Amino acid sequence: MKFIEKEFPLHEVNLFAEFDMVFKMVAKDLRQKISEFLGSENLKSRNLPKIQNLIYYPARIPPSATRAVTLASILEYNPSLSKEIFLKTIGLDIAKDLARKSGALVTLYMVDPNRELVKKLLGKDPKEITVVDPMAGGGSIPLEALRLGFRTIAGDYNPVAYLILRATVEFPAKYGKKLLILLE
């Protein structure tokens with residue numbers, strides 16, 4: 001049995017997924033819910049550099065939900081694995097610290113998952129696991145699978161989706177900071 005079938009932290013993941021999918025402005029009630037969850041009051045919302053703000057793609061999956069679902073689908077259920085450890089593994093503790101320090105809302109997309117914890121929970125190197133997404137669309141699943149440390153294969157037959165996939169996953173990995181300099 002997989003972790004996603006038994007202990008998945010749905011409430012927490014939904015909260016971040018809703019925030020991920022907001023285009024630009026964050027509603028006051030959502031901002032308040034996230035602020036309370038992150039343990040900070042009156043966090044400011046900023047125009048975050050989220051992928052959906054840069055490239056509109058109607059079928060995009062929220063990165064925070066993608067990261068959580070991808071890892072939970074691969075992890076075997078273990079009674080000693082608590083929701084708190086799982087949330088720490090996907091980077092929630094780092095997001096909380098960053099929110100407290102910056103005074104701003106932080107999405108999971110802005111922080112890296114804890115790869116050492118991923119490796120420990122799996123009991124092997126994540127590179128030994130391949131995530132295949134033949135209909136990757138905007139690239140949320142391959143992007144988060146790579147960030148978790150998994151070997152990833154992705155594609156799409158829709159040329160627009162394929163180009164977005166390449167721009168989201170392949171080009172940043174291939175060109176790194178050179179790409180940022182070219183775009184400035």
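Values in this text are rule-based calculations from the coordinates and carry no lab data. Owing to the predicted nature of the structure, the values given are computational and were not obtained by experimental measurement. Every residue, glycine as well, gets a Cβ built from its backbone with ideal geometry; the counts of neighbours run over all protein chains shown.
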Exercise. At a Förster radius of 35 Å, what calculated FRET efficiency corresponds to the Cβ-Cβ distance of ILE181 and ASP29, to the nearest 0.05?
Worked result: 0.30
For this session: Please give, to one decimal in nm, the separation of the simple spin-label points placed at GLU36 and MET135, each 7 Å out from Cα toward the Cβ.
Result: 3.8
For this session: Pop a pseudo-label 7 angstrom from the Cα along the beta-carbon direction at both LYS127 and ASP97 and give the gap in nm to one decimal.
Result: 2.5
Exercise. What is the list of residues in region 105-123 whose amide nitrogen lies under 13 Å from a point 7 angstrom out from the Cα of ILE85, following Cα to Cβ?
Worked result: 117-123
For this session: Please list, in chain and number order, the residues 5+ apart from ALA104 or on another chain whose amide H is under 5 Å from its amide H, with Hs placed from the backbone.
Result: LYS44
Exercise. Per-residue ellipticity at 222 nm for the chain, helices alone: DSSP H runs ≥ 4 residues times -39500 (n - 2.57), over residue total, nearest 500 deg cm²/dmol?
Worked result: -14000 deg cm²/dmol
For this session: Any of LYS2/LYS127; LYS88/LYS177; LYS2/LYS174; LYS120/LYS177 with alpha carbons more than 22 Å apart? Name them for me.
Result: LYS88/LYS177; LYS2/LYS174; LYS120/LYS177
Exercise. Taking 0.36 nm per intervening residue step and subtracting the Cα-Cα distance, what contour gain separates LYS120 from LEU10 on full extension?
Worked result: 37.3 nm
Problem set entry | Once the Cα gyration tensor of region 76-159 is diagonalised, semi-axes √(5λ) in Å | 25, 20, 10
Seminar exercise, completed: The Cα extents of the chain along the principal axes, largest first and rounded to whole Å, are 42, 40, 28
